[in-house]
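To start, the structure itself, in structure tokens.
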Amino acid sequence: MTGERWQLLPDLDPEEYEALKADIAANGLRVPVVIDAESGAIVDGHHRQRAVEELEREGVKVPEYRDVRLFADDDERLAFAVGANLFRRHLSRGQRSELVARLRAEGWSLRRIAGVVGVDHKTVAADLSEIGENSPIEVPERVERRGGGSYPARRPTVAPGVVVGRAQDERRARQALATLGDEAPARTLNLRDAERRARFADYQRMRSATEPADSAGGERWELRAGDFATVLDDLDPGSVDLVLTDPPYTDEFGARWVELSELCARVLKPGGVAVFYAGHHNLPEVIFQLGEHLAWLWHIVVVQPGQESRFMATHVHNGHRDLLAYCAGTYQPRRWLRDTITVTTAADKSLHPWQQGLQTPAYLVDMLSDPGGIVLDPCCGSATFGVAAIDAGRRFIGVDVDPVTVGVAADRLREVAAGTENGAAS
Ligand SMILES: C[S@@+](CC[C@H](N)C(=O)[O-])C[C@H]1O[C@@H](n2cnc3c(N)ncnc32)[C@H](O)[C@@H]1O
């Protein structure tokens, strides 16, 4: 497959092309070049890429801007290329007829062609008859695939994608999407998120082949494998001093924040605090859901100097993490709490792809609970917050839906508990 395979529309005329190139030289790429993750071919942006390369040869450096997409098949690639081109281009009658014929030859229904080209299906049929194919106006509900099977004629196409800002990151984006495969979410990710998800997918595949470890830690800690909404039913109401948790920030976690809010309201002691690590992209929704059963307390910011990440979708250099603090009932302040925590070391990621650092939970456990109290993390991953709790002489209860992760966490806590018993700080 070559890049030209997806160049569906005729070349821009020289004047249009020079205008595009001048705009790119002055303003950079406003629209990313879209790359097929599987083959590396350009699916959309042939002219933009050509302009960037020419400018480079002329000594003008244009920052790269690529959107690497994982398509299910050629049909999806084609649909994307058509949609992306038509979004920006006005076609002459002749160009439209040519495109209609090409799509028809690919097996598209009249209705689907009409939808994507932005005309009604009678116009599509008229275009076809003009260039020789005297097609009856039939509008099937489903389109047969050439390789077998069928799909709805109006199927929406949202291929998972990764936007990168440097040509050398394209390979990493393709690799991450290849690792994710069917687990890639149908939206655009930044490279860091895609690689993190890929590592996690890899890790889960690898880990699911091993036996979970014993997860009973005696008096000092306990881990449970399962969904937080079901495996904590036996926890006494009002028995927990502090909930400290870092749930998945993904859209798939969806409405589960409200369930976390409900759980915390039930198990926390009156006036007990729950602190949630939260992602940036859906913060208003998370705040809304957590407020369902808990009272808002404060917003804590963790500053991570030198650990900036770039969010391509919004073009934001992000250097902080948001923690949301809530209370079960009325908050009774006992100590002065800092709402800005500066961490000085990067988190180790050797036990979990989303493993957090210890500095922040150590501070929060110290400020928001007392020795001997119970700290609960209902989405505990590698139990970093359990380490902070045990180190500070609290009891810890952790839950993770993934039994293999629970095994990793159990090994970690057993080691930490043994270390603190021997008087060693971890
Ligand atoms: C962001 S990670 C936590 C990382 C952890 N703070 C650490 O330092 O390792 C979120 C964890 O929540 C777990 N999880 C997701 N849905 C869950 C559910 N419904 N019940 C319990 N755990 C869940 C995931 O398996 C994942 O390990």
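Read-outs: derived from the displayed coordinates by stated rules, not from any lab. Just so it is clear, the model here is predicted, and its values are computed rather than measured. Note that each Cβ is placed from the backbone with ideal geometry, even for glycine, and that neighbours are counted across all protein chains shown.
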How big is the charge dipole of the chain about its Cα centre, in debye rounded to the nearest 20, if each Lys and Arg gets +1 on its Cβ and each Asp and Glu gets -1 on its Cβ?
480 debye
Along the stretch 51-64, Karplus-curve 3J(HN,Hα) (6.51, -1.76, 1.60; θ = phi - 60°) to the nearest Hz, with x for Gly and Pro, reads 5, 4, 5, 5, 4, 4, 5, 8, x, 9, 8, 10, x, 5
If each residue of separation counts as 0.36 nm, what is the full-extension length gain between residue 301 and residue 175 once their alpha-carbon separation is subtracted?
42.1 nm
Determine, for 377, 411, the number of other Cβ atoms within 10 Å of each Cβ, and report the residues in order from fewest to most.
411, 377
Could you tell me the calculated FRET efficiency between residue 106 and residue 366, based on Cβ-Cβ distance and R0 = 41 angstrom, to the nearest 0.05?
0.05
Förster radius 41 Å - calculated FRET efficiency between residue 92 and residue 60 (Cβ-Cβ, nearest 0.05):
0.85
Could you list which residues have their amide H under 5 Å from that of residue 189, counting only those 5 or more apart in sequence or on another chain, with H placed in the peptide plane?
161, 162, 163
Spelling it out for residue 35: with amide H atoms placed in the peptide plane at 1.01 Å from N, the residues 5 or more places away or on another chain with amide H under 5 Å from its amide H are 43, 67, 68, 69
Per-pair calculated FRET efficiency, R0 = 51 Å: residue 227 and residue 30 via Cβ, rounded to 0.05:
0.70
Tabulate in residue order the Karplus-calculated ³J(HN,Hα) for the stretch 167-183, using 6.51 cos²θ - 1.76 cosθ + 1.60 with θ = phi - 60°, rounded to whole Hz; enter x for Gly and Pro.
4, 5, 7, 4, 4, 5, 5, 5, 4, 5, 5, 5, 5, 5, x, 5, 7
Hey, what did the chain get for relative contact order, percent, Cα under 8 Å, at least 6 apart?
13 percent
Give me the one-decimal nm value for the distance between modelled label points at residue 251 and residue 126, 7 Å along each residue's Cα-to-Cβ direction.
3.8 nm
Under 18 Å from the Cα of residue 21, which lysines turn up, not counting those fewer than eight places away in the same chain?
61
Gained length - residue 168 relative to residue 20, 0.36 nm times residue gap less alpha-carbon distance
50.9 nm
Counting other C-beta atoms within 10 Å, which of 309, 382 has the fewest, and how do the rest follow?
309, 382
per DSSP, antiparallel bridges as share of beta bridges in the chain, % nearest 5, sits at 50 percent
